[in-house]
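Note sheet for the following structure.
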Amino acid sequence: MNEASDSSKIVNLNQRMDPSSERVGELLATVRTIANRLLQQWVGNVFEHVDDALFDLAEKAENNAAQMHYFDGMRDVRKRRATVERLFLSTIGRELGELASRRPSATHSPAPTGVVELSLVADNELEESLAITSMIGKNESRMSRDLFAVNHRLSVICGGHKIDDSNNPVAPAILSQAFRTALHELSADMRVKLIIYKLFDRYVLSALEELYQAINAELIRAGVLPQLRPHVARQPSGTAAASSANSERHGAASEESGDIPGDLLQTLHALFNARRGHPGESGDSGTSNYSGGPLPSVNELLGALSVLQNQIATTDVQPSAAGLSSANLSHEVTALKEQLLRQIGALRGARPGQVASIDEDTIDLVGMLFEFILEDRNLPPEMQVLLARLQIPYLKAAIIDRKLFAHRQHPARRLLDGLAEQAKGWSDESDRDRRLHEKVKSIVEQLLHEFDDDMGIFDRLLTDLQQFQELSMKRADLAELRVAESTRGREKLEYARRRAAREIVERIGTNELPPLIHGVLARAWANHMVLLLLRHGDDSTEFKVALHFVNEFIASSRPAQTPEARQALRQMLPGIERALRHGLANVAFQEPDIERLLGQLHTYYRQQLGEINPSAAPPAEDESALPIPDSIQPLVQAAPDFDDDNLGFASPDITTDSPEYRQVEALQSGTWLELSLADDSCTRAKLSWISPMTGRYLFVNRRGLKVADYAPRELATLLKQGKARVLAANALFERAMSAIVDRLSHPSPATEEE
C-alpha cells in the first residue's frame, strides 16, 4: 500500500486499494463493528434521557394540552424506541457495507448547503431541518481534523472514490439524516422530536471524536495512510487575516469546498457571474490591462472601508428621523461599491476600474443583505435604520472571513441574527425606558468605532447581547407568568360562574319559583357552587351534592296538597336546612343573616304544609329584600357557554375551514405578530398563552405585559383584514439568503437591464 507523498496536502487519490479485494472488506467490516458498538451505546444514552427530559417539560408545561403532548410523546418513545434504534443502526451499517461497492448515491447525501438552507418546506419540516442543519454545521466544524483523516483513509479503501463530509456514513450529516429518517417511526409532535434531536446532538454527535479516533487508529494499524496529517484551514486573525486572505482568497476555493460541502458561496458566486454575463468566470487574481492598474488588494479594500466606516461612525442617526433615513440609507447601500472604488482611488492616486470578481461578489452579497434589512417588514423602521449602519463592518468581516455567509454558527452571523431577533419585538410602548434601543445602538456604535480586523469583537458583543437578553427575559418571563396566571384565574372564575348559572337555570326550567326560593338559588347557592367548582372541580362529590340540593330545593317549592306530599316535604326539610347552613357559611354569610333566612324559609314551609293560614302569613319578600349580603351577586341569567359565535367584530366569512382560521390554529406560543389595536395604534406582541378552557389567544409585549387577547375567530378576522400580521420566526440571515438566491435566480426585468 502506498502512503501519501505529501502528508500536508490533499491525499492523492490515485493511491488507492482495490475495493473488491478481501482486504478492503475486512477493513470496512472493522470500521462497521467499531461504529456499531459506539453508536449503539450512544443512541441508547439518547433514549435513556428522553423520559426525564419530557417529564421535566411536562411539569413546567404552560397548559394541560401541552402537558399531554409531552406525556403522549413519552409513551410513544417507549413503545417505538427499539424500532427507531434498529432502523438507525441498520441504515449506518448498510451505508458502510456498501461504501466500497459503489459510489454513494445522491439519495444518501444531503443537498448542498445552499439548497438545504433555502428550500421551501412546511413549517414543521423547516423547523426540523434547521435543527439538524445547525447540529451538522457545529459538529463538522468542531471535528474537522479527525473527520478529515477518516474521509481520506476511507477514500483510499474505496478505490479513490471521494469520501467527504456529505457522503461519509459516520459523518454528522449522514448520521443526522439517518436518525431523522428513523424518527419518522414516532408519531410524537415536533416539540418532542426537537427535544430528542437535542439529546442526539449531546450524546451522539458530540461524542463522535472518540469514534473518529478509533477508526483512524485502526486504519493506521492496518497501514492506511499512516503518515497523513490533517490539513485544516485555520481562521486568520488580526492584520494577519488581511494579508492571508489577500494571498489565499483565489486559491482557497478547493479547500473551502472541503470544509463546507456544497458551499453556499459557490452557488452565489455562480449566480453573480451569470448576472454579469460571465458564467464560467472564477475570479481574476492577477493584474488587469485597464488603466486603473492592478486589482485592489484585500489590504486596500479594508483600508478604504475603514475610512468610510469612520465617516459613518461620526454621523449620528436621530430616532425621530428613522422614517426618513431608511430611504436615504437604501440608496447608500446600493452606492457603496462606487464609493469604495473612489476611496481606493483617493488612497492609491488612481481610481481602479473594478475589483476582483470574488470581492465584487462579496460586496454585492453584503449590499443585498442590507437592502433586505431595509425592506424587511419583520423589523420596525427605527431598528432597520440602526442595523443598516452595520453594512461596512459586515463587509469588512466578510472580506476577512468569507465563511461568514456559509456557517450558521459564525459569531458575526449570530450577532446580527440576535440583534434582529431582539429588534423584532421592539416598540416605543414596550421600551419606554429605551433599554433595548440603547443596547442595540451601543453594539452598532462599538462595531463602527472599534472594529478594524479583529474578528473577536463579534464574539464579545454576542456575549454582551446574550447577557442582556437573558436578564430581559427573566424580567419578562416573570411578568408574563403573572399575566397568564391572572388570565387563567379570571377564566376559571368566569367558567365556574357560567357553569353554576347554567346548571341552576336548566333545573328551574319553566317552573315559577317563589322569590324566596329563587333568590336563594340565584345568589347564595350559585356562589356556593362557584366556590366548589374552583376548589374541587365539576367531577367532585362536593359539586354533585350541591346539584342534588338544587333539585331538592326546587322540589320543596311545589304545593304539598296530599298527605304523602306533605310527609315527603317534612322528610326533606332537615337535609335542606343542614345543606343551607353549610353552603351559606361557605360564602361568608354571617350567623344572624343565616338565621333570618332560615326563619323565612321555616315560615314558607309551614305555609306549604298547611300549618299556618296563607292569609295570616307575612307577604312573600322580594328577592332584593332577602338577608343576602350585597357582595353576593346574582348569577343566574342568560349565560352562554364560551364560544365566539356572537363576537362583535368577528367576520361571518371566517369559518374553521378559512385559511386565516387555519393559520390561527397553527400559531405556536412564542410567535410574534404585528397588531393594529382598537385605538389605531400599531404594536408588536408575542403569543404567550392559548387558553385550554376558552381557546383565547393571549398576547404580551417584550416586557411580558398584556397587549390583547382574542378568540380564534377574532384573530382570524384581524388577519384577513390586514390588522394582524405574523412575523417570521426564522433567523434574519436565513430569510435574507433565501431572498437573495431567489432574486438572483429569477431577476426582474429592471435587474436584468442593470
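The values are calculated or read from the model by the stated rules, or taken from the named source; none is laboratory data. No experiment lies behind these values; they were computed from the predicted model shown. With ideal geometry, Cβ positions are generated from the backbone for all residues, glycine too; neighbour counts draw on all protein chains shown.
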(request) Scan (1) buried (at least 18 other Cβ atoms within 10 Å of the Cβ); (2) β-branched (Val, Ile, Thr); (3) farther than 23 Å from residue 608 by Cβ for the single condition residue 505 breaks and write down its number. (result) (1)
(message) With the structure loaded, tell me whether residue 183 is under 30 Å from residue 668 (Cα atoms) and buried (at least 23 other Cβ atoms within 10 Å of the Cβ) or whether it fails that test.
(response) no
(message) Looking for something touching a helix residue (DSSP H, G or I) at 6+ places or on another chain (Cβ under 9 Å), outside any helix (DSSP H, G or I) and closer than 17 Å to residue 134 by Cα - is there at least one such residue anywhere in the range 412-433?
(response) no
(request) Within the range 423-439, count every residue that is modelled with pLDDT of 90 or more and either basic (Lys, Arg) or in contact with a Phe, Trp or Tyr (Cβ under 8 Å, 6 or more places away or on another chain) (or both). (result) 7
(message) Can you tell me which condition residue 582 does not meet? The list is (1) surrounded by fewer than 17 Cβ atoms within 10 Å (Cβ to Cβ); (2) over 57 Å from the mean Cα position of the chain (by Cα), and all the others hold.
(response) (2)
(message) Please count how many residues of the range 553-574 are in contact (Cβ under 8 Å) with a residue 24 or more places away in the chain and either surrounded by 14 or more Cβ atoms within 10 Å (Cβ to Cβ) or not assigned by TED's automatic domain parsing to the domain that holds residue 529 (or both).
(response) 8
(request) Would you point out the residue of the range 581-626, among those that are part of a helix (DSSP H, G or I) and charged (D, E, K, R), that is modelled with the lowest pLDDT? (result) 623
(request) Tell me, yes or no, whether the range 452-459 has at least one residue that is buried (at least 18 other Cβ atoms within 10 Å of the Cβ), assigned by TED's automatic domain parsing to the domain that holds residue 311 and within 21 Å of the chain's Cα centre (by Cα). (result) no
(request) Would you confirm whether any residue within the range 455-477 is closer than 21 Å to residue 410 by Cα and in a loop (DSSP other than H, G, I, E, B)? (result) yes
(request) Please enumerate the residues belonging to the range 158-191 that are modelled with pLDDT under 90 and part of a helix (DSSP H, G or I). (result) 190, 191
(request) For the range 153-165, enumerate the residues that are over 16 Å from residue 32 (Cα atoms) and surrounded by 23 or more Cβ atoms within 10 Å (Cβ to Cβ). (result) 156, 165
(message) Take the conditions under 22 Å from residue 183 (Cα atoms), at pLDDT below 90, in a helix (DSSP H, G or I) and aromatic (Phe, Trp, Tyr) and apply them to residue 71. Does it pass?
(response) yes
(request) Within the range 488-543, work out how many residues are under 21 Å from residue 576 (Cα atoms) and either under 44 Å from the mean Cα position of the chain (by Cα) or not basic (Lys, Arg) (or both). (result) 34
(message) Which numbered condition in (1) closer than 18 Å to residue 730 by Cα; (2) outside any loop (DSSP other than H, G, I, E, B) is the only one that residue 397 fails?
(response) (1)
(message) Against the conditions (1) more than 17 Å from residue 195 (Cα to Cα); (2) of a type in the set (D, E, K, R); (3) at pLDDT 85 or above; (4) out of contact with any helix residue (DSSP H, G or I) (no Cβ under 9 Å at 6 or more places or on another chain), where does residue 102 fall short? Just the number, please.
(response) (3)
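Here is a yes/no grid of residues against (1) assigned to a strand (DSSP E or B); (2) within 28 Å of residue 369 (Cβ to Cβ); (3) basic (Lys, Arg):
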position	(1), (2), (3)
704	no, no, no
707	yes, no, no
713	no, no, yes
718	no, no, no
725	yes, yes, yes
729	no, yes, no
735	no, yes, yes
742	no, yes, no
(request) With the condition kept exactly as written, say whether any residue in the range 728-750 is surrounded by fewer than 17 Cβ atoms within 10 Å (Cβ to Cβ) and at pLDDT 90 or above. (result) yes
